[in-house]
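Q: For reference, the structure I am asking about is given below.
The values are calculated or read from the model by the stated rules, or taken from the named source; none is laboratory data. Computed from a predicted structure; not experimentally measured. So basically every Cβ, Gly included, is an ideal-geometry build from the backbone, and we count neighbours across all protein chains shown.
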Amino acid sequence: MSIAAQPIGSRNRLVGSPHRTVAVLRHIALRGAAFVYLGALVVLPVAAIITKGFGDGFSTFSHAMAVPGAWAAIRLTLVTATIVAAINAVMGTTLAWVIVRYRFPGRRVLSTIVDLPLAIPTLVWGVMILVLYGPNSVLGKAADALGVRVLFTPLAIVLALCTVTLPFVVRNVQPVLLELDEAEEEAAATLGATRRATFRRVVFPAIRSAVIAGTLLTFSRCLGEIGSVILVSGNRTGHTLTAPVFIFSLTSQFRFAEAAAVATFLFAISFVLVLATSRLTKRREVSE
Amino acid sequence: MPRWFTRRIVPLVLAIALPTLAACTASSANTSASGTCTPAAVPTLTFAAYSTPREVYDAKIIPAFKAMWKDKTGVEPQFFESYTGSTTQAQNVVNGSGADVVALSLAPDIQTIADAGLITHDWTQAPDRGMVSSSVVVFDVRPGNPKGITDWNDLAQPGLGILTPDPAQSGGARWNLVSLWGSAMRGDVPGITKNDQAAATKLMNDVVGNVISFDSSARTSIQNFEGGNGDVAITYENEVKTADAAGLPDQAVYPKGSVLIENPVAVVDKNAEAHCVTDLANAFVDFLHTKEAKGYFTDTGYLRSTDPKLAQKGDPANGYPAIKDMFTVDDLGGWDQLDQTLFSDNGIATQAVANAG
Amino acid sequence: MSVAVGTQVAKARRGRRGLIALALVWVALLLLLPLAAIFWTVVRAGFSSVTHTLTQPDVLHAFQLTAIITVITVLVTGVFGVIVAWVLVRQRFHGRSLLNAMVDIPFALSPVTVGLAAVVLFGPGGWFQPFFAARGIQVIYALPAMILVTIFICIPFTIREVVPVLEEIGLDEEDASRTLGASVWHTFFKVTLPNIRWALAYGIALTTARAIGEIGAVLIVSGLIQGKTETATLFIYRAYEERQTAEAYVVALVLAAVSVGLLIVIEVLRHRQEKERTRT
């Protein structure tokens, strides 16, 4: 579907050579601007963090990572991110399916509401969770009666992360589902395949890479999320202190090397995932 | 250019961008006043404090000082205020947040700023060694004290929910744990003999193990307690006083022993010089040591006395009970030793926090 | 046979209803209930607390600061975003995939880390600290750093929206315009820009939302000075700490309301974009 854009040079042969020089210069200038823009604003900060984290080499890094609570915070963040990514993969696909395939009153509204987490500040989500599950609210009291504490437990972290990452899988899967030909599914059904088998054999292979891309995006967002988490998590080392909040705490203490080491570690994981997501999305577009 | 672009987008962008740029240049004009010293028409003082004394500074002391300064010079100075965890605040100042005067929870945080070369005078030479307010460590409990908490050993009971801030970010948290440690080592805590370091360490681990949330500042911690979380909050006496003043049902329990909490104030002279407000900054700090300012502190529950003996006696008739065993940081060997024993990476408190949960 | 089909249809209908119910419950639990809770809290506190909060100078300043940061971020990421997208799609050169990867970096970096990087670069002992200090320019704990970190975080939005559209529209129209003798700029404004306008607008809407809501990075680089470096989200954070929960809730609700307005804009834009895409 996507037209592979032709390299610019090939078509400029039509134009006279002085124009060609100007065009080439213009292209180089634009390319330069792009590199300077991203180099100064993106690469420089990352370089600063990595340099700070590694300092004189790997020993600085491992020494910095030995700060009490670092590994516990990273583990907690990885565990909650995995749980949230899994929940989001299932629920996000379900939501996309419901929105695309079913007609029911409120469908358009539902489709709009799914984008809410992209619009509302993450800190505001945190404040809202505090209000909603506080001990004086209806839900808080109900949870209390069941013996479940929400605020200041890993449950609050998972809840906050599920909320802010809710659109990621939906928005990845929805367009693919829209383009999917329902005739294939009908054919499978007429041939006697159960609905489950139809889904597994026909639908899922088509949306698989979209689901994975959304899930990876969710995961890497969870590794970095702080706004929605900081007020509701309780920040107990090894229990509810997530890695981003830990980095924030270290930064507040002026312990830049330690903060940068933890940050570098998280960034490494996250960047690989984001690149993978990008690749998956690309491949999908090419294969269409 | 297409019409929709020229007609709609361009005017919209201009309408937003022009006032914005005007505002930017205006705001950068008064922030970048470093280098040569020319006093501004309206002198501006940036004041950075720890998280809890907002009720006294913002509502009482700063307005009173502004009025006083206006009487004296004819100009009302402008104040920019910042309140956050003491240690965080100190780091922000070191990193260049530009505060002219700092009011922090404990002396080592001021020392951090002095060590960075921003405070060049000996700030402890001021009256009361630079301290302007004082308090003690208390337990903020639910109305009627349903858990029957009387001293530190009661906080070690399994299943209790405790709130105290993060000692790495909050000065109040460090005061709390110093008070726990001092009380235990001085034999104030039932069941723990004097100078039994192993028992004191166990108490530290047990109490810290019951903490349900290490918040970034004393205020956030008490906020969470008032939101209904936990059974007890370890906090400043003044926090319970301000909560009561706000009509909240907080109730203070006084353990037998408490450290005398002393809160220092200092002019960050490098910044004040750069901003050309040295006179104003000094005058403000002097004002904090006056009787008038002390009256505001007392009204708001901050000031016992900067004299340890008087502080211990308190003022029982007015809601400041006597403390049976009041000790100072120096009684425990001073901040350097306490930092080493409790708050270094291998310190007893740091380890307890790392193992909690 | 017909009975079997009947039960299967009934089963399908039950499954359908179940899935719809599940989707609605999930969205209600995670998104609508929290919104309702804060709305209800503010309404219960009464209208006077809303007016009281929204007339405080600190609050007004916070909103103004958020607006300034957002507008500058949108302008910078908009203009440069289009340039980067254009270079990525229309040019083939060594290092193109490197440029592509650079665009993704902000998605992978925690906002807190971005703030930390700004402190490392511009704070005391930082790489650029001597340069700016010598010129009397305050970067960290002032507006410049707050804008820089926000731009960093928002960089990918515009680019990632514009790139696919540029790829799809291809070169035909632009070529036609150029062969008819139109200048490069004329071609850009007359042909390219109208084609990508909805994608660009969608990217800008996402950028705006993110810039308004940013907290992790500005929390570190702002220095938290009331009335000076306090954005709307930082005000919420601070007010919540200072027992001014009513104020925190009101400002949170205002931001939520603005965001919902923005969301409706986003939705309309997405719709138009999809319509245009299907047309081409």
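Q: For C:ILE212, indicate whether it is within 12 Å of chain A (Cβ to nearest Cβ), closer than 30 Å to A:ILE50 by Cα, touching a Ser or Thr at 6+ places or on another chain (Cβ under 7 Å) and buried (at least 18 other Cβ atoms within 10 Å of the Cβ).
A: Yes.
Q: Quick check on my filter: what residues within region A:34-75 are among the aliphatic types (A, V, I, L, M) and either over 28 Å from the mean Cα position of the chain (by Cα) or farther than 30 Å from C:VAL87 by Cβ (or both)?
A: Correct list: A:ALA64, A:MET65, A:ALA66, A:VAL67, A:ALA70, A:ALA72, A:ALA73, A:ILE74.
Per-residue answers, yes or no, for (1) among the β-branched types (Val, Ile, Thr); (2) under 30 Å from B:GLU239 (Cβ atoms); (3) free of Cβ contacts under 8 Å to residues at least 60 places away in the same chain:
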residue: C:TRP198; (1), (2), (3): no, no, no
residue: C:THR207; (1), (2), (3): yes, no, no
residue: C:ALA211; (1), (2), (3): no, no, no
residue: C:GLU242; (1), (2), (3): no, yes, yes
residue: C:LEU253; (1), (2), (3): no, yes, no
residue: C:GLU267; (1), (2), (3): no, no, yes
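Yes/no matrix, rows are residues, columns are (1) farther than 23 Å from A:ILE269 by Cα; (2) in contact with an Asp or Glu (Cβ under 9 Å, 6 or more places away or on another chain):
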site	(1), (2)
C:VAL103	no, no
C:ALA117	no, no
C:PHE128	yes, no
C:VAL162	yes, no
C:ILE196	yes, yes
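Q: If a residue must be within 11 Å of another protein chain (Cβ to nearest Cβ) and part of a helix (DSSP H, G or I), how many such residues does region B:91-108 contain?
A: 4
Q: Moving to a separate point now. Could you tell me which residue of region A:255-276 is farthest from B:GLY209 (Cα to Cα), considering only residues that are more than 8 Å from every other protein chain (Cβ to nearest Cβ) and without any contact (Cβ under 8 Å) to a residue 40 or more places away in the chain?
A: Result: A:VAL272.
Q: From C:LEU206, C:LEU224, grab the single residue that is among the hydrophobic types (A, V, I, L, M, F, W, C), crowded, with 18+ Cβ neighbours inside 10 Å and in a helix (DSSP H, G or I).
A: From the options C:LEU206, C:LEU224, the qualifying one is C:LEU206.
Q: Does any residue of region C:40-52 turn out to be part of a helix (DSSP H, G or I), touching a residue at least 24 places away in the same chain (Cβ under 8 Å), at the interface with chain A (Cβ under 9 Å from one of its Cβ atoms) and within 21 Å of the chain's Cα centre (by Cα)?
A: no
Q: Sticking with this one: Which of (1) crowded, with 22+ Cβ neighbours inside 10 Å; (2) touching a residue at least 12 places away in the same chain (Cβ under 8 Å) does B:THR120 not meet, given it meets every other one?
A: Failed condition: (1).
Q: Inspect all residues belonging to region B:308-329 and state whether any of them is closer than 25 Å to B:ILE119 by Cα, surrounded by fewer than 16 Cβ atoms within 10 Å (Cβ to Cβ) and within 19 Å of the chain's Cα centre (by Cα).
A: yes
Q: Right, another one. Quick check on my filter: what residues within region C:167-189 are within 15 Å of C:GLN91 (Cα to Cα) and either within 13 Å of chain B (Cβ to nearest Cβ) or in contact with a strand residue (DSSP E or B) (Cβ under 9 Å, 6 or more places away or on another chain) (or both)?
A: Of everything in region C:167-189, nothing turns out to be within 15 Å of C:GLN91 (Cα to Cα) and either within 13 Å of chain B (Cβ to nearest Cβ) or in contact with a strand residue (DSSP E or B) (Cβ under 9 Å, 6 or more places away or on another chain) (or both).
Q: Is it true that A:ILE83 is at pLDDT 80 or above and either surrounded by 17 or more Cβ atoms within 10 Å (Cβ to Cβ) or facing another protein chain (nearest Cβ under 7 Å) (or both)?
A: Numbers: at pLDDT 80 or above: yes; either surrounded by 17 or more Cβ atoms within 10 Å (Cβ to Cβ) or facing another protein chain (nearest Cβ under 7 Å) (or both): no.
For A:ILE83, the condition - at pLDDT 80 or above and either surrounded by 17 or more Cβ atoms within 10 Å (Cβ to Cβ) or facing another protein chain (nearest Cβ under 7 Å) (or both) - is not met.
Q: Take A:SER233 and decide whether it is more than 24 Å from C:ALA117 (Cα to Cα) and either out of contact with any Lys or Arg (no Cβ under 6 Å at 6 or more places or on another chain) or in contact (Cβ under 8 Å) with a residue 12 or more places away in the chain (or both).
A: Yes: the conditions hold for A:SER233.
Q: Further question: How many residues are farther than 21 Å from B:GLY85 by Cα and within 14 Å of chain A (Cβ to nearest Cβ) when one looks only at region B:231-273?
A: The total comes to 3.
Q: Can you find even one residue in region A:68-75 that is at negative phi, in contact (Cβ under 8 Å) with a residue 24 or more places away in the chain and crowded, with 21+ Cβ neighbours inside 10 Å?
A: Looking through region A:68-75, at least one residue is at negative phi, in contact (Cβ under 8 Å) with a residue 24 or more places away in the chain and crowded, with 21+ Cβ neighbours inside 10 Å.
Q: Right, next: Residues to consider are C:THR113, C:THR73; find the one that is more than 7 Å from every other protein chain (Cβ to nearest Cβ) and on the phi < 0 side of the Ramachandran plot.
A: None of the others qualify; the one that does is C:THR73.
Q: Please name all residue pairs, on different chains or six or more residues apart, with Cβ atoms under 8 Å, provided the first residue is in region B:335-354 and is under 22 Å from B:PRO264 (Cβ atoms) and the second residue is among the small types (Gly, Ala, Ser) and part of a helix (DSSP H, G or I).
A: Every condition considered, the pairs that remain are B:TRP335/B:ALA107; B:LEU342/B:ALA349; B:PHE343/B:ALA349.
Q: Please work out if B:THR44 is of a type in the set (Ser, Thr, Tyr) and at pLDDT 90 or above.
A: Yes, satisfied.
Q: Specify the residue that is surrounded by the most Cβ atoms within 10 Å (Cβ to Cβ); the eligible residues are those in region B:55-82 that are touching a residue at least 60 places away in the same chain (Cβ under 8 Å) and not small (Gly, Ala, Ser).
A: My answer is B:VAL56.
Q: Going by what's in this entry, would A:VAL84 be described as free of Cβ contacts under 8 Å to residues at least 24 places away in the same chain and within 20 Å of the chain's Cα centre (by Cα)?
A: Considered against the rule, which asks whether it is free of Cβ contacts under 8 Å to residues at least 24 places away in the same chain and within 20 Å of the chain's Cα centre (by Cα), A:VAL84 comes out as no.
Q: In region A:118-138, what residues are more than 7 Å from chain C (Cβ to nearest Cβ), assigned to a helix (DSSP H, G or I) and of a type outside the set (Ser, Thr, Tyr)?
A: Once the filter is applied, which keeps residues that are more than 7 Å from chain C (Cβ to nearest Cβ), assigned to a helix (DSSP H, G or I) and of a type outside the set (Ser, Thr, Tyr), region A:118-138 yields A:GLY126, A:LEU130, A:VAL138.
Q: Here are C:GLU230, C:GLU241, C:GLU247: which of them is more than 11 Å from chain A (Cβ to nearest Cβ), surrounded by 21 or more Cβ atoms within 10 Å (Cβ to Cβ) and over 22 Å from the mean Cα position of the chain (by Cα)? Before you say what the answer is, go through the steps one by one.
A: Details: C:GLU230 fails: over 22 Å from the mean Cα position of the chain (by Cα); C:GLU241 fails: more than 11 Å from chain A (Cβ to nearest Cβ).
Result of the check over C:GLU230, C:GLU241, C:GLU247: C:GLU247.
Q: Test each condition in (1) assigned to a loop (DSSP other than H, G, I, E, B); (2) in contact (Cβ under 8 Å) with a residue 60 or more places away in the chain; (3) surrounded by fewer than 19 Cβ atoms within 10 Å (Cβ to Cβ) for C:ALA182 and report the one that comes out false.
A: (2)
Q: Cβ contacts < 6 Å: first residue closer than 9 Å to B:SER216 by Cβ, restricted to region A:242-254; second residue buried (at least 24 other Cβ atoms within 10 Å of the Cβ) and among the hydroxyl-bearing types (Ser, Thr, Tyr), any location; separation 6+ or different chain. Result?
A: A:SER252/B:THR88
Q: If B:HIS275 satisfies all but one of (1) over 19 Å from the mean Cα position of the chain (by Cα); (2) farther than 30 Å from B:ARG142 by Cβ; (3) surrounded by fewer than 24 Cβ atoms within 10 Å (Cβ to Cβ), what's the number of the condition it fails?
A: (3)
Q: Now a separate question. Counting residues that are surrounded by fewer than 24 Cβ atoms within 10 Å (Cβ to Cβ), which helices (runs of 4 or more DSSP H) fully inside region C:59-143 reach at least 2?
A: Qualifying helices (runs of 4 or more DSSP H): C:96-108, C:129-134.
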